[in-house]
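Working notes for the structure below.
The values are calculated or read from the model by the stated rules, or taken from the named source; none is laboratory data. All values reported here derive from a predicted model rather than from experimental measurement. Positions of Cβ are backbone-derived with ideal geometry, glycine not excepted, and every protein chain shown enters the neighbour counts. Protein only, heavy atoms only, side chains kept; ligands, DNA and RNA dropped before computing areas. Shrake-Rupley method; radii C 1.70, N 1.55, O 1.52, S 1.80 Å.
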Amino acid sequence: MTKAETLARRRQLLGRNLSIAYQNPIKIVRGSMQYLYDEEGREYLDAYNNVAHVGHCHPRVVQAGQRQMAVLNTNTRYLSDLINEYAANLTATLPDWLNVCFFVNSGSEANELALRLARAHTRSKDLIVLDHAYHGNTNTLIDISPYKHNGPGGQSAPAWVHTVPLPDLYRGLYKSDDVEATEKYAQHVNEVVAQVGADHLCGFIAESMPSVGGQIVLPENYLGKVYSSVRAAGGVCIADEVQTGYGRIGKHFWGFEKYNVVPDIVVLGKPIGNGHPIGAVITTREIADSFDNGMEFFSTFGGNNVSSAIGIAVLQTVVEENLQSHADTVGSKMLQRLCELESRFDIIGDVRGSGLFLGVELVRDRNTLEPATDAATSVINEMRERGILLGTDGPFHNVLKIRPPMPFTESDGDRLVETLAEVLNRSYRSNRSYNH
Ligand SMILES: Cc1ncc(COP(=O)(O)O)c(C=O)c1O
(Lines give C-alpha, C1' and ligand atoms only; values in the text may rest on other atoms or scores of the structure.)
Protein backbone atom coordinates (compact mmCIF):
# COMPACT_ATOMS: atom_id res chain seq x y z
CA MET A 1 0.00 0.00 0.00
CA THR A 2 1.11 3.57 -0.56
CA LYS A 3 1.72 5.70 2.50
CA ALA A 4 -1.48 7.63 1.82
CA GLU A 5 -3.52 4.41 1.64
CA THR A 6 -1.99 3.15 4.87
CA LEU A 7 -2.83 6.43 6.57
CA ALA A 8 -6.43 6.40 5.33
CA ARG A 9 -6.89 2.80 6.44
CA ARG A 10 -5.49 3.57 9.87
CA ARG A 11 -7.83 6.54 10.26
CA GLN A 12 -10.73 4.30 9.40
CA LEU A 13 -9.76 1.35 11.59
CA LEU A 14 -7.93 2.71 14.63
CA GLY A 15 -8.91 5.07 17.42
CA ARG A 16 -8.17 8.65 16.39
CA ASN A 17 -6.52 9.60 19.70
CA LEU A 18 -3.61 7.33 18.86
CA SER A 19 -1.37 10.12 17.61
CA ILE A 20 0.94 10.01 14.60
CA ALA A 21 4.47 11.37 14.81
CA TYR A 22 5.47 14.27 12.50
CA GLN A 23 3.47 16.49 10.16
CA ASN A 24 4.68 14.28 7.34
CA PRO A 25 4.06 10.81 8.83
CA ILE A 26 6.62 8.08 8.30
CA LYS A 27 5.83 4.53 7.27
CA ILE A 28 8.58 2.45 8.82
CA VAL A 29 9.03 -0.99 7.35
CA ARG A 30 12.36 -2.15 8.80
CA GLY A 31 14.79 -1.41 11.61
CA SER A 32 18.42 -2.23 12.29
CA MET A 33 20.25 -1.05 15.43
CA GLN A 34 19.97 2.79 15.56
CA TYR A 35 18.44 3.04 12.08
CA LEU A 36 14.90 2.83 10.76
CA TYR A 37 13.91 2.49 7.08
CA ASP A 38 10.76 3.68 5.32
CA GLU A 39 8.85 2.03 2.48
CA GLU A 40 11.07 3.72 -0.10
CA GLY A 41 14.25 2.52 1.57
CA ARG A 42 15.11 5.89 3.09
CA GLU A 43 17.24 5.59 6.21
CA TYR A 44 16.48 7.52 9.41
CA LEU A 45 18.83 7.93 12.33
CA ASP A 46 16.70 7.06 15.35
CA ALA A 47 17.47 9.41 18.22
CA TYR A 48 14.14 8.89 19.94
CA ASN A 49 13.11 5.27 20.46
CA ASN A 50 14.44 4.09 23.81
CA VAL A 51 12.44 0.86 23.61
CA ALA A 52 14.86 -0.64 21.07
CA HIS A 53 17.45 -0.33 23.82
CA VAL A 54 20.19 -2.59 22.42
CA GLY A 55 19.24 -1.69 18.84
CA HIS A 56 16.29 -2.36 16.55
CA CYS A 57 16.12 -6.09 15.74
CA HIS A 58 19.41 -6.84 17.51
CA PRO A 59 20.31 -10.30 16.10
CA ARG A 60 21.03 -11.82 19.50
CA VAL A 61 17.62 -10.82 20.85
CA VAL A 62 15.83 -11.92 17.67
CA GLN A 63 17.56 -15.31 17.78
CA ALA A 64 16.75 -15.80 21.46
CA GLY A 65 13.06 -15.15 20.75
CA GLN A 66 12.92 -17.27 17.60
CA ARG A 67 14.71 -20.21 19.20
CA GLN A 68 12.45 -20.25 22.25
CA MET A 69 9.26 -19.82 20.18
CA ALA A 70 10.14 -23.03 18.37
CA VAL A 71 10.55 -24.94 21.64
CA LEU A 72 7.98 -23.81 24.21
CA ASN A 73 5.95 -20.83 25.28
CA THR A 74 3.66 -21.39 28.20
CA ASN A 75 2.61 -19.80 31.45
CA THR A 76 4.51 -19.47 34.70
CA ARG A 77 2.57 -22.01 36.74
CA TYR A 78 5.02 -24.63 35.41
CA LEU A 79 8.61 -24.77 36.55
CA SER A 80 11.11 -23.19 34.18
CA ASP A 81 14.79 -22.40 34.50
CA LEU A 82 14.39 -19.44 32.16
CA ILE A 83 12.25 -17.26 34.45
CA ASN A 84 14.51 -18.10 37.40
CA GLU A 85 17.62 -17.18 35.40
CA TYR A 86 16.05 -13.94 34.24
CA ALA A 87 15.04 -13.02 37.80
CA ALA A 88 18.52 -13.89 39.09
CA ASN A 89 20.23 -11.82 36.38
CA LEU A 90 17.94 -8.84 37.00
CA THR A 91 18.27 -8.84 40.78
CA ALA A 92 22.07 -9.15 40.43
CA THR A 93 22.06 -5.63 38.93
CA LEU A 94 20.16 -4.19 41.93
CA PRO A 95 20.99 -3.50 45.58
CA ASP A 96 20.76 -6.70 47.68
CA TRP A 97 17.45 -6.02 49.37
CA LEU A 98 15.62 -5.72 46.05
CA ASN A 99 15.50 -9.44 45.41
CA VAL A 100 11.97 -10.56 44.51
CA CYS A 101 10.66 -10.24 40.92
CA PHE A 102 7.21 -10.19 39.36
CA PHE A 103 6.80 -10.27 35.58
CA VAL A 104 4.02 -8.64 33.57
CA ASN A 105 3.66 -7.28 30.01
CA SER A 106 4.04 -3.51 30.03
CA GLY A 107 5.17 -0.54 32.08
CA SER A 108 1.53 0.20 32.92
CA GLU A 109 0.93 -3.27 34.27
CA ALA A 110 4.15 -3.03 36.26
CA ASN A 111 3.13 0.28 37.85
CA GLU A 112 -0.34 -1.12 38.60
CA LEU A 113 1.26 -4.06 40.33
CA ALA A 114 3.68 -1.80 42.20
CA LEU A 115 0.69 0.09 43.61
CA ARG A 116 -0.95 -3.16 44.68
CA LEU A 117 2.25 -4.22 46.45
CA ALA A 118 2.58 -0.84 48.16
CA ARG A 119 -1.05 -0.87 49.27
CA ALA A 120 -0.85 -4.45 50.54
CA HIS A 121 2.27 -3.61 52.53
CA THR A 122 1.12 -0.31 54.03
CA ARG A 123 -2.63 -1.06 54.10
CA SER A 124 -3.02 2.55 52.95
CA LYS A 125 -3.88 4.25 49.70
CA ASP A 126 -2.71 7.89 49.64
CA LEU A 127 0.10 8.44 47.17
CA ILE A 128 2.44 11.36 46.53
CA VAL A 129 3.23 12.03 42.85
CA LEU A 130 5.27 14.60 40.97
CA ASP A 131 3.48 17.18 38.87
CA HIS A 132 3.52 16.46 35.09
CA ALA A 133 4.33 12.79 35.70
CA TYR A 134 3.18 9.95 33.47
CA HIS A 135 3.06 6.38 34.78
CA GLY A 136 0.78 4.55 32.37
CA ASN A 137 -2.52 4.12 30.57
CA THR A 138 -4.88 2.33 33.02
CA ASN A 139 -7.61 4.05 35.05
CA THR A 140 -5.57 4.09 38.26
CA LEU A 141 -2.41 5.21 36.49
CA ILE A 142 -4.22 8.08 34.82
CA ASP A 143 -5.28 9.02 38.36
CA ILE A 144 -1.61 9.22 39.42
CA SER A 145 -0.41 10.87 36.18
CA PRO A 146 -0.95 14.66 36.28
CA TYR A 147 0.30 14.83 32.67
CA LYS A 148 -2.91 12.99 31.74
CA HIS A 149 -5.55 13.86 34.35
CA ASN A 150 -4.70 17.57 34.22
CA GLY A 151 -4.40 17.58 30.42
CA PRO A 152 -6.99 17.58 27.63
CA GLY A 153 -9.83 15.17 28.40
CA GLY A 154 -8.61 14.71 31.97
CA GLN A 155 -10.75 14.90 35.09
CA SER A 156 -8.10 15.95 37.63
CA ALA A 157 -6.82 13.85 40.51
CA PRO A 158 -8.88 11.86 43.01
CA ALA A 159 -8.54 12.79 46.71
CA TRP A 160 -6.04 10.01 47.47
CA VAL A 161 -3.50 11.43 44.99
CA HIS A 162 -1.31 14.28 46.27
CA THR A 163 0.65 16.18 43.65
CA VAL A 164 3.85 17.98 44.62
CA PRO A 165 5.78 20.41 42.38
CA LEU A 166 8.14 18.88 39.85
CA PRO A 167 11.66 19.68 41.12
CA ASP A 168 12.73 21.35 37.89
CA LEU A 169 15.63 23.69 38.61
CA TYR A 170 15.27 25.44 35.25
CA ARG A 171 11.55 26.25 34.98
CA GLY A 172 10.09 25.04 38.27
CA LEU A 173 8.91 26.87 41.38
CA TYR A 174 12.48 27.09 42.75
CA LYS A 175 15.36 27.49 40.34
CA SER A 176 19.07 26.67 40.30
CA ASP A 177 20.02 30.10 41.65
CA ASP A 178 18.12 29.32 44.86
CA VAL A 179 20.52 27.52 47.22
CA GLU A 180 17.57 26.22 49.20
CA ALA A 181 15.69 24.89 46.17
CA THR A 182 16.13 21.21 47.05
CA GLU A 183 15.01 21.79 50.63
CA LYS A 184 12.00 23.79 49.45
CA TYR A 185 10.91 21.13 46.95
CA ALA A 186 11.31 18.43 49.62
CA GLN A 187 9.32 20.56 52.06
CA HIS A 188 6.24 20.21 49.80
CA VAL A 189 6.49 16.46 50.30
CA ASN A 190 6.95 16.86 54.08
CA GLU A 191 3.79 18.94 54.18
CA VAL A 192 1.75 16.29 52.35
CA VAL A 193 3.17 13.59 54.63
CA ALA A 194 2.13 15.61 57.69
CA GLN A 195 -1.30 16.34 56.26
CA VAL A 196 -2.05 12.76 55.16
CA GLY A 197 -0.61 11.17 58.30
CA ALA A 198 0.95 7.77 58.86
CA ASP A 199 -2.45 6.04 58.97
CA HIS A 200 -3.22 6.90 55.36
CA LEU A 201 0.12 7.29 53.58
CA CYS A 202 0.88 4.55 51.09
CA GLY A 203 3.97 6.10 49.52
CA PHE A 204 5.71 8.16 46.88
CA ILE A 205 6.29 7.39 43.20
CA ALA A 206 8.61 9.17 40.79
CA GLU A 207 10.67 8.56 37.71
CA SER A 208 14.34 8.84 38.56
CA MET A 209 14.58 11.44 35.78
CA PRO A 210 11.11 12.66 34.83
CA SER A 211 10.86 12.21 31.09
CA VAL A 212 7.39 13.41 30.10
CA GLY A 213 8.07 16.24 32.59
CA GLY A 214 10.80 17.42 30.19
CA GLN A 215 13.91 15.22 30.63
CA ILE A 216 14.41 16.60 34.14
CA VAL A 217 17.44 15.80 36.28
CA LEU A 218 16.27 15.91 39.91
CA PRO A 219 18.26 18.02 42.39
CA GLU A 220 21.00 15.85 43.90
CA ASN A 221 19.64 15.33 47.43
CA TYR A 222 15.93 15.58 46.65
CA LEU A 223 15.08 11.87 46.59
CA GLY A 224 17.18 11.23 49.72
CA LYS A 225 15.17 13.80 51.68
CA VAL A 226 11.84 12.67 50.25
CA TYR A 227 12.48 8.96 50.82
CA SER A 228 13.40 9.63 54.49
CA SER A 229 10.29 11.68 55.07
CA VAL A 230 7.96 9.16 53.38
CA ARG A 231 9.53 6.17 55.15
CA ALA A 232 9.38 7.87 58.53
CA ALA A 233 5.59 7.94 58.09
CA GLY A 234 5.47 4.26 57.09
CA GLY A 235 5.18 4.86 53.34
CA VAL A 236 7.09 3.05 50.58
CA CYS A 237 9.14 4.62 47.79
CA ILE A 238 8.59 3.47 44.22
CA ALA A 239 11.11 4.25 41.46
CA ASP A 240 9.62 4.20 37.97
CA GLU A 241 12.69 3.18 35.94
CA VAL A 242 10.72 2.49 32.77
CA GLN A 243 12.69 5.15 30.88
CA THR A 244 15.88 5.56 32.87
CA GLY A 245 17.10 2.05 33.68
CA TYR A 246 19.50 -0.40 31.99
CA GLY A 247 22.51 1.89 31.71
CA ARG A 248 20.83 4.60 29.68
CA ILE A 249 22.01 7.42 31.92
CA GLY A 250 25.62 6.31 31.45
CA LYS A 251 27.22 6.89 34.83
CA HIS A 252 24.82 4.46 36.53
CA PHE A 253 22.93 1.33 35.58
CA TRP A 254 19.77 2.54 37.35
CA GLY A 255 18.53 6.14 37.48
CA PHE A 256 18.01 6.11 41.26
CA GLU A 257 21.70 5.25 41.83
CA LYS A 258 22.59 8.76 40.67
CA TYR A 259 21.03 10.10 43.87
CA ASN A 260 22.41 7.49 46.28
CA VAL A 261 18.99 6.17 47.26
CA VAL A 262 17.51 2.68 47.21
CA PRO A 263 13.77 2.42 46.50
CA ASP A 264 11.46 -0.18 48.05
CA ILE A 265 9.92 -1.06 44.70
CA VAL A 266 11.44 -0.67 41.22
CA VAL A 267 9.28 -0.65 38.09
CA LEU A 268 10.66 -1.71 34.70
CA GLY A 269 9.26 -1.68 31.20
CA LYS A 270 10.08 -0.36 27.73
CA PRO A 271 13.77 -1.25 27.16
CA ILE A 272 13.95 -4.55 29.02
CA GLY A 273 12.30 -6.49 26.20
CA ASN A 274 13.86 -4.41 23.39
CA GLY A 275 10.37 -4.13 21.86
CA HIS A 276 8.97 -7.44 23.10
CA PRO A 277 6.31 -6.55 25.71
CA ILE A 278 7.88 -7.15 29.13
CA GLY A 279 7.25 -5.30 32.38
CA ALA A 280 8.74 -6.19 35.74
CA VAL A 281 8.45 -5.20 39.37
CA ILE A 282 11.28 -5.87 41.78
CA THR A 283 10.89 -5.43 45.50
CA THR A 284 11.99 -6.59 48.94
CA ARG A 285 11.09 -9.96 50.43
CA GLU A 286 9.16 -8.14 53.16
CA ILE A 287 6.92 -6.26 50.72
CA ALA A 288 6.47 -9.34 48.53
CA ASP A 289 5.41 -11.29 51.64
CA SER A 290 2.83 -8.63 52.58
CA PHE A 291 1.40 -9.01 49.07
CA ASP A 292 1.24 -12.80 49.52
CA ASN A 293 -2.00 -12.49 51.44
CA GLY A 294 -3.93 -15.42 50.07
CA MET A 295 -4.94 -13.88 46.75
CA GLU A 296 -2.98 -15.46 43.90
CA PHE A 297 -0.98 -13.22 41.60
CA PHE A 298 -0.98 -14.43 38.02
CA SER A 299 -0.29 -12.88 34.62
CA THR A 300 -1.07 -15.14 31.66
CA PHE A 301 1.80 -13.93 29.50
CA GLY A 302 4.05 -12.25 32.08
CA GLY A 303 7.41 -14.01 32.41
CA ASN A 304 6.56 -16.72 29.86
CA ASN A 305 9.40 -18.74 28.31
CA VAL A 306 9.80 -16.55 25.23
CA SER A 307 9.66 -13.31 27.23
CA SER A 308 12.22 -14.65 29.69
CA ALA A 309 14.55 -15.81 26.89
CA ILE A 310 14.32 -12.38 25.26
CA GLY A 311 14.74 -10.58 28.59
CA ILE A 312 17.87 -12.58 29.36
CA ALA A 313 19.33 -11.84 25.91
CA VAL A 314 18.66 -8.09 26.23
CA LEU A 315 20.34 -7.84 29.62
CA GLN A 316 23.33 -9.93 28.47
CA THR A 317 23.70 -7.68 25.43
CA VAL A 318 23.69 -4.52 27.59
CA VAL A 319 26.46 -6.01 29.74
CA GLU A 320 28.58 -7.72 27.10
CA GLU A 321 28.48 -4.80 24.65
CA ASN A 322 29.36 -2.36 27.45
CA LEU A 323 26.39 -0.23 26.49
CA GLN A 324 26.32 1.65 29.79
CA SER A 325 29.86 3.04 29.41
CA HIS A 326 29.18 3.59 25.70
CA ALA A 327 26.14 5.71 26.65
CA ASP A 328 28.31 7.65 29.06
CA THR A 329 31.01 8.42 26.47
CA VAL A 330 28.69 9.21 23.57
CA GLY A 331 26.16 11.06 25.72
CA SER A 332 28.75 13.21 27.53
CA LYS A 333 30.22 14.35 24.23
CA MET A 334 26.82 15.11 22.76
CA LEU A 335 25.82 17.01 25.91
CA GLN A 336 28.98 19.11 25.63
CA ARG A 337 28.34 19.85 21.96
CA LEU A 338 24.71 20.75 22.68
CA CYS A 339 25.93 23.15 25.39
CA GLU A 340 28.11 24.79 22.73
CA LEU A 341 24.97 25.26 20.64
CA GLU A 342 23.28 26.82 23.66
CA SER A 343 25.92 29.54 23.65
CA ARG A 344 25.26 30.19 19.94
CA PHE A 345 21.46 30.13 19.87
CA ASP A 346 19.37 32.06 22.34
CA ILE A 347 16.39 29.90 21.57
CA ILE A 348 18.12 27.14 23.53
CA GLY A 349 17.28 27.93 27.14
CA ASP A 350 18.66 24.79 28.76
CA VAL A 351 20.50 21.60 27.90
CA ARG A 352 20.36 18.77 30.43
CA GLY A 353 20.43 15.06 31.02
CA SER A 354 22.85 12.22 31.44
CA GLY A 355 24.19 9.54 29.11
CA LEU A 356 21.80 8.92 26.26
CA PHE A 357 18.89 10.61 28.06
CA LEU A 358 19.12 14.26 27.05
CA GLY A 359 16.80 17.26 26.73
CA VAL A 360 17.16 20.58 24.92
CA GLU A 361 14.62 23.15 26.13
CA LEU A 362 13.61 25.84 23.62
CA VAL A 363 12.39 29.22 24.88
CA ARG A 364 11.27 32.42 23.18
CA ASP A 365 12.88 34.51 25.87
CA ARG A 366 15.65 33.46 28.22
CA ASN A 367 14.40 35.80 30.95
CA THR A 368 10.69 35.01 30.95
CA LEU A 369 11.28 31.37 29.88
CA GLU A 370 8.30 31.67 27.55
CA PRO A 371 8.23 28.22 25.91
CA ALA A 372 9.05 28.05 22.19
CA THR A 373 6.55 25.26 21.56
CA ASP A 374 5.93 26.00 17.86
CA ALA A 375 9.67 26.20 17.24
CA ALA A 376 10.21 22.83 18.94
CA THR A 377 7.52 21.28 16.73
CA SER A 378 9.01 22.75 13.59
CA VAL A 379 12.56 21.73 14.60
CA ILE A 380 11.63 18.07 15.01
CA ASN A 381 9.76 18.13 11.71
CA GLU A 382 12.75 19.68 9.94
CA MET A 383 15.08 17.17 11.57
CA ARG A 384 12.79 14.39 10.35
CA GLU A 385 13.00 15.76 6.79
CA ARG A 386 16.80 15.59 7.19
CA GLY A 387 16.59 11.96 8.29
CA ILE A 388 16.91 12.30 12.07
CA LEU A 389 14.11 11.28 14.42
CA LEU A 390 13.53 13.25 17.63
CA GLY A 391 10.47 14.00 19.77
CA THR A 392 9.26 16.77 22.06
CA ASP A 393 8.15 16.63 25.66
CA GLY A 394 7.69 18.69 28.81
CA PRO A 395 4.54 20.42 30.08
CA PHE A 396 4.79 22.85 27.12
CA HIS A 397 6.10 20.36 24.56
CA ASN A 398 9.10 22.62 24.05
CA VAL A 399 11.84 20.19 25.09
CA LEU A 400 13.62 18.26 22.35
CA LYS A 401 13.88 14.73 23.61
CA ILE A 402 16.99 12.69 22.75
CA ARG A 403 16.87 9.03 23.81
CA PRO A 404 18.29 6.88 21.02
CA PRO A 405 18.85 3.13 20.91
CA MET A 406 22.08 2.60 22.86
CA PRO A 407 24.29 1.59 19.89
CA PHE A 408 24.06 5.28 18.78
CA THR A 409 27.67 6.34 18.07
CA GLU A 410 29.77 9.47 18.56
CA SER A 411 29.51 10.24 14.87
CA ASP A 412 25.71 9.82 15.04
CA GLY A 413 25.82 12.37 17.88
CA ASP A 414 27.97 14.74 15.80
CA ARG A 415 25.55 14.41 12.91
CA LEU A 416 22.59 15.13 15.18
CA VAL A 417 24.21 18.25 16.68
CA GLU A 418 25.41 19.57 13.30
CA THR A 419 22.01 19.03 11.70
CA LEU A 420 20.30 20.71 14.65
CA ALA A 421 22.68 23.68 14.26
CA GLU A 422 21.83 23.87 10.56
CA VAL A 423 18.07 23.82 11.30
CA LEU A 424 18.38 26.45 14.05
CA ASN A 425 20.66 28.57 11.89
CA ARG A 426 18.07 28.74 9.13
CA SER A 427 15.26 30.00 11.32
CA TYR A 428 16.49 30.99 14.75
CA ARG A 429 19.48 33.31 14.66
CA SER A 430 21.73 33.70 17.66
CA ASN A 431 21.19 37.48 17.87
CA ARG A 432 18.49 37.40 20.56
CA SER A 433 15.64 37.30 18.07
CA TYR A 434 14.37 34.69 15.69
CA ASN A 435 11.94 34.35 12.83
CA HIS A 436 8.93 32.11 13.06
C1 LIG B 1 7.79 6.55 32.96
C2 LIG B 1 6.78 5.64 32.35
N3 LIG B 1 6.15 4.76 33.14
C4 LIG B 1 5.23 3.92 32.64
C5 LIG B 1 4.90 3.93 31.29
C6 LIG B 1 3.85 3.00 30.76
O7 LIG B 1 4.43 2.00 30.01
P8 LIG B 1 3.59 1.20 28.88
O9 LIG B 1 3.29 2.15 27.78
O10 LIG B 1 4.54 0.08 28.50
O11 LIG B 1 2.37 0.66 29.53
C12 LIG B 1 5.56 4.84 30.44
C13 LIG B 1 5.22 4.87 28.99
O14 LIG B 1 5.49 5.79 28.28
C15 LIG B 1 6.52 5.72 30.99
O16 LIG B 1 7.16 6.60 30.22
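When the C-alpha to C-alpha distance is required to be over 31 Å, the pairs from Lys3/Lys401; Lys3/Lys251; Lys148/Lys333; Lys125/Lys184; Lys184/Lys401 that qualify are Lys3/Lys251; Lys148/Lys333.
The reciprocal of the average 1/r between distinct C-alpha atoms defines the Kirkwood hydrodynamic radius, which for the chain equals 22.5 Å. The magnitude of the dipole of the chain, with charges of +1 and -1 set on the Cβ of Lys/Arg and Asp/Glu and taken from the Cα centre, is near 960 debye. In terms of the mean number of neighbouring beta-carbon atoms within 10 Å, the peptides 340-351, 48-59 order highest first as 48-59, 340-351. Note: relative contact order over the range 66-202, using C-alpha pairs below 8 Å and six or more positions apart, is 19 percent. Judged by the mean number of other Cβ atoms found within 10 Å, the most tightly packed of the peptides 276-285, 35-44 leads the ranking 276-285, 35-44.
The mean accessible area for residues of the chain, using a 1.4 Å probe and ignoring ligands and nucleic acids, is 44 Å² per residue. Take each peptide in 258-270, 200-212, count the other Cβ atoms within 10 Å of every residue, and average; sorted highest first, the result is 200-212, 258-270.
Return the percentage of antiparallel bridges among DSSP beta bridges fully within the chain, rounded to the nearest 5 %. That works out to approximately 60 percent antiparallel. If you run the Gaussian network model on the chain, springs between alpha carbon atoms under 10 Å, then out of Gly394, Gly294, Gly151 the most flexible one is Gly294. According to the calculation over all Cα-Cα pairs in the range 333-420, the P(r) per 10 Å bin from zero is 18, 55, 25, 2 %.
The range 146-162 and the range 89-138 have Cα centres spaced 20 Å apart.
Using only Cα atoms, locate the centre of the range 1-19 and the centre of the range 202-270, then give the distance between them in Å, rounded to an integer. What the calculation gives is 37 Å, centre to centre. Under a GNM of the chain (C-alpha, springs under 10 Å), which listed residue has the highest mean-square fluctuation: Val242, Val29, Val164? With Cα springs under 10 Å in the chain, the top fluctuation among Val242, Val29, Val164 is at Val29. The relative contact order of the range 227-348 comes to 25 percent, based on Cα pairs under 8 Å that sit 6 or more residues apart.
Computed from the alpha carbon positions, the gyration tensor of the range 325-366 leads to an equivalent ellipsoid with semi-axes of 22, 10, 5 Å, biggest first.
When the inverse distances between all different Cα atoms of the range 183-252 are averaged and flipped, the Kirkwood radius reads 13.0 angstrom. Each part reduced to its alpha carbon centroid, the range 351-368 and the range 67-82 end up 45 Å apart.
Taking only the Cα atoms of the range 1-153, the radius of gyration and Dmax are 20.1, 56 Å.
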